[in-house]
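Report on one structure; see the data block that follows.
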Amino acid sequence: MQTSPSLALDPFVFPLVLKSCAAIHRPQLGTSIHAYAIKSAFLLNPFVACALVDMYGKCGSVSAARQLFDEIPLRNVVAWNAMISIYTHFGRVNDALELFESMDVVPNESSFNAIMAGLVGLENGAFRAMVLYRRMQECGLKPNLITLLALLPACVGVAALSLIKEVHCYAIRNGMDPNIHMRERDVVAWSSLISAYALHGEARTALEIFRQMEMARVWPDDITFLGVLKACSHAGLADEALYYLDRMHKDYGMQASADHYSCLVDALSRAGRLLEAYKVIQEMPLKATAKTWGALLGACRTYGEVELAEIAGRALFEIEPNNAANYVLLEKIYASLGRYEEAERMRREMKERGVKSAPGSSWIVHQD
């Protein structure tokens, strides 16, 4: 790294340069700047240290970001938030939660926002995000627009209408609701409406909304198609799911994600077309996720298909070996077909692997 003798670098230059390294994805250059910061004793500056953590995270090196984070002598809330955000961005929400709970500084709104956004995608994560929101309020922190955007998907996920109304009223009171009357319905508005109908089992209505969206000449995005495919999967509309996934690629030039394929597999499975669902998993260009295999395994129990259940079960044991639900479901499939020896073998395998079933729990939303 070259500098002019007449121009001394100060700590405020490094964050700008490191931000540029992250934007153009040049981790090697960022590492060189890191080395220069160490030689120049700038690493003790919290602004420089935080910028380095952020750069490593945005360049995909989570381990390097964490190592540097652990080496920072005086970590301010910005440093903690940067590392928490990196974890949630890469789906490591449990690591983010553990880090959040170990904070030795007072968390701010951004600390809570990062965790809430990450929780929404987890099982029971919506409830945990809502609990975290209440905790944020108890800490005397004022929710901002990012908070509301992170919280609303959690509210929708558990149909917490009272909290949705509370969030909406808060947004209006604080000037965060610029499109109250929806003067211009963009792709976000259309996609939200499609997803809402899909969530409540109104598949045909969701597909009609999509048709109206196309007639309004609003270009759909991948989130739109995810809502459409979820509508198909919830209703077992296998042919429609195949049709829309094909259109997504041919008409709109989009590549389907693992979530899109999961919805297709779920739709085929619910319709009893298990062999087709398995063929999709075999031929999809992406590695099948636990959600994809889980949809197939659940349908195998409904239709008494033990061979595919074994294939799906073994795949799930590899992806998430500590998830007891997969073992229990395969055990029940064996038992329902009178294959009690195999069912007992599954129980033994759970015990040998140290996998334990979580006790049942339920949530009650209390309204005063």
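The values are calculated or read from the model by the stated rules, or taken from the named source; none is laboratory data. Please read these numbers as outputs of a predicted model, since none were measured by experiment. Neighbour counts are summed over all protein chains in view; Cβ atoms, including those assigned to glycine, are modelled from backbone coordinates with ideal geometry.
Going through (1) surrounded by fewer than 17 Cβ atoms within 10 Å (Cβ to Cβ); (2) at pLDDT 90 or above one by one, Pro107 falls short only on (1).
Just wondering, is there one or more residues in the range 16-32 that are at pLDDT 75 or above and more than 32 Å from the chain's Cα centre (by Cα)? So that I can check it myself, show each step before the final result.
Just the residues of the range 16-32 that are at pLDDT 75 or above, to begin with: 16-32.
Filter once more, keeping what is more than 32 Å from the chain's Cα centre (by Cα): 32.
Looking for residues that are at pLDDT 75 or above and more than 32 Å from the chain's Cα centre (by Cα), one finds at least one in the range 16-32, hence yes.
Scanning the range 242-253 finds one or more residues that are within 19 Å of Ser192 (Cβ to Cβ) and in a helix (DSSP H, G or I).
Condition first: surrounded by 22 or more Cβ atoms within 10 Å (Cβ to Cβ), out of contact with any strand residue (DSSP E or B) (no Cβ under 8 Å at 6 or more places or on another chain) and either assigned to a loop (DSSP other than H, G, I, E, B) or not β-branched (Val, Ile, Thr) (or both). Can you find one or more residues in the range 137-149 that meet it?
Keep residues of the range 137-149 that are surrounded by 22 or more Cβ atoms within 10 Å (Cβ to Cβ), which gives 147.
If we keep only those that are out of contact with any strand residue (DSSP E or B) (no Cβ under 8 Å at 6 or more places or on another chain) too, we end up with 147.
From what's left, either assigned to a loop (DSSP other than H, G, I, E, B) or not β-branched (Val, Ile, Thr) (or both): none.
Checked against the condition, which is being surrounded by 22 or more Cβ atoms within 10 Å (Cβ to Cβ), out of contact with any strand residue (DSSP E or B) (no Cβ under 8 Å at 6 or more places or on another chain) and either assigned to a loop (DSSP other than H, G, I, E, B) or not β-branched (Val, Ile, Thr) (or both), the range 137-149 yields no hits at all.
Taking the listed residues Tyr261, Tyr278, Tyr303, the one that is in the same structural domain as Glu331 (by TED's automatic domain parsing) and within 20 Å of Asp222 (Cβ to Cβ) is Tyr261, with no other qualifying. Going by the conditions given, is Lys291 without any contact (Cβ under 8 Å) to a residue 12 or more places away in the chain and either in contact with a Leu (Cβ under 9 Å, 6 or more places away or on another chain) or assigned to a helix (DSSP H, G or I) (or both)? For Lys291, the condition - without any contact (Cβ under 8 Å) to a residue 12 or more places away in the chain and either in contact with a Leu (Cβ under 9 Å, 6 or more places away or on another chain) or assigned to a helix (DSSP H, G or I) (or both) - is not met.
Of all residues in the range 308-344, those satisfying the criterion of being more than 21 Å from Ala288 (Cβ to Cβ) and either of a type in the set (Asp, Glu) or touching a helix residue (DSSP H, G or I) at 6+ places or on another chain (Cβ under 8 Å) (or both) are Glu331, Lys332, Tyr334, Ala335, Ser336, Leu337, Arg339, Tyr340, Glu341, Glu342, Ala343, Glu344. Within the range 330-353, the set of residues being among the basic types (Lys, Arg) and closer than 15 Å to Phe317 by Cβ comprises Arg345, Arg347, Arg348, Lys351, Arg353.
Of the residues making up the range 142-158, those that are at pLDDT 80 or above and touching a Phe, Trp or Tyr at 6+ places or on another chain (Cβ under 8 Å) are Pro143, Thr147, Leu148, Leu151. Which residues, taken from the range 26-44, are under 14 Å from Glu71 (Cα atoms) and assigned to a loop (DSSP other than H, G, I, E, B)? Of everything in the range 26-44, just one residue is under 14 Å from Glu71 (Cα atoms) and assigned to a loop (DSSP other than H, G, I, E, B), namely Ala41. So, in the range 269-303, exactly how many residues are buried (at least 24 other Cβ atoms within 10 Å of the Cβ) and of a type in the set (Phe, Trp, Tyr)? Total satisfying the criteria: 1. Of everything in the range 294-329 that is outside any helix (DSSP H, G or I) and not small (Gly, Ala, Ser), the residue that is modelled with the lowest pLDDT is Asn322. When the criteria are applied in full, Thr224 fails the requirement of being assigned by TED's automatic domain parsing to the domain that holds Ala324 and buried (at least 20 other Cβ atoms within 10 Å of the Cβ).
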